[in-house]
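Quick notes on the structure that follows.
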Amino acid sequence: MVAVRFAPSPTGRLHVGNARIALVNWLFARKHGGHFLLRLDDTDKERSTAEFAAAIEEDLRWLGLDWDAFARESDRFPRYDEAIAALKACGRLYPAWETAEELELRRKLQIAQRRPPVYDRAALKLSEADKDRLTAERGAPHWRFRLDGRRLAWSDLVKGETVVDTASLSDPVLIRGDGQPLYTLTSVVDDIDFAISHVIRGEDHVTNTGVQIELFEALGGLVPVFGHLSLLVDGTGAGLSKRLGSLSLASLRAEGVEALAVDALLARLGSADPVAPVAALTALIEGFDLGRFGKAPARFDPSELRALSAHVLQLLDFEAIRDRLPAGAGEAFWLAVRGNISTLTDAADWWRVVTGPVERAVIDDPKGVMAAARGLLPEGPLDQDSWSRWTAAISASTGAKGKSLFLPLRLALTGRAHGPEMKALLPLLQHDEIDSRLA
Ligand code: GLU
C-alpha cells in the first residue's frame, strides 16, 4: 500500500516550493491508488499558529488537493515520549549541556584548525557527578542522538543511488532543553506510526534522511522509500527564498493566477515532461511519473505561470467556471471572452462592458458608419451571424471597409479598441443598448 504525507510546519504561508512537494505527493498517491496524509509539524509552539494551520488547509483546497487523513504533531506528544524512552533505554540518546555560544566557539576553532565542524561528543564523556553538577548549574539538558557513523545508501526515486555518511555529521539534538522533541525525531515516529511507504520531499532534506534512516532502524520501524526533489530556482539560478513572500499561494491567488495553472506547472517543472495547461487536476495524474524528474534545480518563472493561467481559462467550459463569474453572466458570455483574458478579473471587466455603461471613446468616423449602423441593425434576436450581416449592410451603404468600418463600431459598442470577437459580443447586447451606444 502506497502511503505518503505532506508535512508542512504552520509557521508561515505555503509558497510554490511547498505546493510542489504537496502536489507531487498527492499525484504519487493518486497514481498508485495510495493514501495521502496531511500532517502539521507543529511541535514548535512559539512559531506555529492556528491561523497558519487553517491557511495551509485553505491553500491546499484551493489547489484542489484533498487528503485521506489528517494529523497534528502537537496531538502526539505521548507517542514521542514513548519513542524517547525507547531510545534512552537502548543508549542512543545522551544528555548535553553546551550552550549555543559554546558550540559556536568550538565550531569556529575546528574550522580554524581545518577540522570538520562536527560535534565532538564531549557530553558522552561526562561522569554521573559531572551531570549532576551541570544539572544544578545549567538546568535540564538537551538530548543528542548518538549516530552509528555509517555509510547509508539508498536508491532515491529522483536522485538515484544516494549516500550519506553519518560519520561526518554531528549527533543531532532530538530534544531541546525545555523538553520539546524536534522534527528529526517526531517525523520518524509519525512516518512509522502512519505506515508511510514513500517520503517525497525537497533535496534540502537529504542529510536528514541519513540521520533518519538510523532513527527508523533504532526505533524498529520499516525504512520508507525516499525521493528528494531538486529545489526551485529563479531565472538567474538563485534559490527562491528571498521572493517567497510574493510566491505564496495566497498572493498568487490574489493576483488572479488560476490554481490549475499552479498545478499544471508544478506537476511537470523539473521533469522531462512538457508543461501543458489542463482543465482538471485529475488530468495530471495519468502522465505523472516521479522517475521523470531530474536532479538539476528546476527553474520557476512567474511569467510562465501567468501565461499558463490564461491558457487554463481558455480550456475551461462554462460549467467549470460559472460559480466564479459575475451574476447574470451566461455561457455565451464566457465563450465570447475566455480566449481574450489573462485572469478572471478581466472577465468581470468584460461583463461590465456588456452590462454598460461603456466608456465614451473618441471616434473617427468620416464615412458615417455610426449613423448607418443605427438604421441597419437586424430586427429580432441577434446571433453569431448577425455581426457579419450587419457590417456587410453598413459597408454596402457607406463604402466603409476594414478598419474604418470595424473600429468605429467596436469603439462605440465596447469603449475599447481591442477585445473579444464582435460577432460573439454583439448577441450579448440588447437592441436599445446597442442603439444608445451608437448614438
Ligand atoms: N516539516 C518539515 C518541513 O516542512 C517536513 C519535512 C519532511 O517532509 O520530512 O520541512
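Since every read-out is calculated from the coordinates, none of them should be taken as a lab result. What you are looking at is a predicted structure, and each value in this text was computed from that prediction instead of being measured. Positions of Cβ are backbone-derived with ideal geometry, glycine not excepted, and every protein chain shown enters the neighbour counts.
Excluding same-chain residues fewer than 8 positions from Lys125, which lysines have a Cα within less than 20 Å of its Cα?
Leaving aside lysines fewer than 8 places away in the same chain, those within reach of Lys125 are Lys88.
Can you tell me the 0 to 90 degree angle between the C-alpha axis of helix 402-414 and the longest principal axis of the chain, rounded to 10?
For 402-414 against the chain, the angle is about 70 degrees.
Which stretch or stretches of segment 119-143 have amide N atoms under 13 Å from the point lying 7 Å from Lys88's Cα along the Cα→Cβ direction?
Within reach of a label on Lys88, which here means backbone N under 13 Å from a point 7 Å along Cα→Cβ, segment 119-143 contributes 140-143.
With only Lys, Arg, Asp and Glu charged, each at its Cβ (+1 for the first two, -1 for the last two), find how big the charge dipole of the chain is about the Cα centre; round to the nearest 20 debye. Mind dumping the intermediate values first?
Values: 53 positive and 61 negative charges, 228 e Å.
Approximately 1100 debye in magnitude.
How do 59-65, 24-30 rank on mean C-beta neighbours within 10 Å, highest first?
24-30, 59-65
Could you please state, rounded to a whole Å, how far the C-alpha centre of segment 309-329 is from the C-alpha centre of segment 346-369?
If we compute the Cα centre of each part, the gap is 23 Å.
How much length is gained on full extension from Arg133 to Ala320, taking 0.36 nm per residue of separation minus their Cα-Cα distance?
Additional length available on full extension: 60.5 nm.
Segment 214-273 to segment 395-429: how many Å between their Cα centroids?
47
Sketch the reach of a paramagnetic label on Thr355 as a point 7 Å from Cα along Cα-to-Cβ, and name the residues of segment 419-439 whose backbone nitrogen lies under 20 Å away.
Under cut-off, by backbone N: 420, 425-437.
Which pairs in the list Lys242/Lys295; Lys31/Lys159; Lys45/Lys108 are over 25 Å apart, alpha-carbon to alpha-carbon?
Numbers: Lys242/Lys295 22 Å; Lys31/Lys159 20 Å; Lys45/Lys108 31 Å.
Among Lys242/Lys295; Lys31/Lys159; Lys45/Lys108, the Cα-Cα distance tops 25 Å for Lys45/Lys108.
Taking only Cα atoms, what is the 0 to 90° angle, nearest 10, from helix 302-315's long axis to the longest principal axis of the chain?
50
Which listed residue (Pro95, Pro116, Ser48) has the Cα farthest towards the positive end of the charge dipole for the chain, taking +1 on Lys and Arg C-beta and -1 on Asp and Glu C-beta about the Cα centre?
Highest projection toward the positive end goes to Pro116.
Evaluate E = 1/(1 + (r/R0)^6) for Leu124 and Asp204, where r is the Cβ-Cβ distance and R0 equals 30 Å; express this FRET efficiency to the nearest 0.05.
Numbers: r = 28 Å, r/R0 = 0.95.
Efficiency, from the Cβ-Cβ distance: 0.60.
May I ask you to derive the FRET efficiency for Ser404 and Thr282 from their Cβ-Cβ distance with R0 = 45 Å, giving the value to the nearest 0.05?
Result of the calculation: an efficiency of 0.35.
What fraction of the DSSP beta bridges in the chain is antiparallel, stated in percent and rounded to the nearest 5?
50
For the chain, what does the alpha-carbon gyration tensor say about shape, rounded, prolate or oblate, given a ≥ b ≥ c as the root eigenvalues, a/c under 1.5 as rounded, and a/b over b/c as prolate? It would help to have the intermediate numbers written out before the result.
Numbers: a/c = 3.32, a/b = 3.14, b/c = 1.06.
Prolate shape, in that a/c is at least 1.5 and a/b is the bigger ratio.
So the label point goes 7 Å from the Cα of Gln430 along Cα→C-beta, right? Which residues of segment 336-377 then have their backbone N under 20 Å from it?
Inside the label zone: 350-360, 374-377.
Helix-only estimate, please: 222 nm mean residue ellipticity of the chain, summing -39500 (n - 2.57) across DSSP H runs of length 4 or more and dividing by its residues, to the nearest 500.
-13000 deg cm²/dmol
Mind jotting down the distance between the C-alpha centroids of segment 1-69 and segment 125-199, whole Å?
24
Leaving out same-chain residues fewer than 8 places away, which lysines sit with a Cα under 28 Å from that of Lys403?
Partners within reach: Lys367, Lys423.
For a quick check, take a GNM of the chain with Cα springs below 10 Å and name the residue from Glu319, Glu51, Glu421 with the largest mean-square fluctuation.
Per the Cα network of the chain with a 10 Å cutoff, Glu319 tops the list.
Efficiency by 1/(1 + (r/R0)^6): what FRET value for Ala327 and Glu101, r their Cβ-Cβ distance, R0 = 60 Å, to the nearest 0.05? If you can, show how the numbers build up before the last one.
Details: r = 63 Å, r/R0 = 1.05.
Here the calculated transfer efficiency is 0.45.
Please order Asp263, Asp41 by the number of other Cβ within 10 Å, starting at the fewest.
Ascending Cβ contact count within 10 Å gives the list Asp41, Asp263.
For His198, His32, what's the fewest-to-most ordering of other Cβ within 10 Å of each Cβ?
His32, His198
Can you tell which of Thr345, Val173, Gly160 lies farthest toward the positive end of the dipole of the chain, using +1 and -1 charges on the Cβ of basic and acidic side chains (Lys, Arg; Asp, Glu)?
Gly160
At most 10 other Cβ atoms within 10 Å and a DSSP loop assignment: could you name the GluC sites (Glu not before Pro) in segment 231-292 that fit?
Of the GluC sites (Glu not before Pro), the ones in loops of segment 231-292 whose Cβ has at most 10 other Cβ atoms within 10 Å are Glu286.
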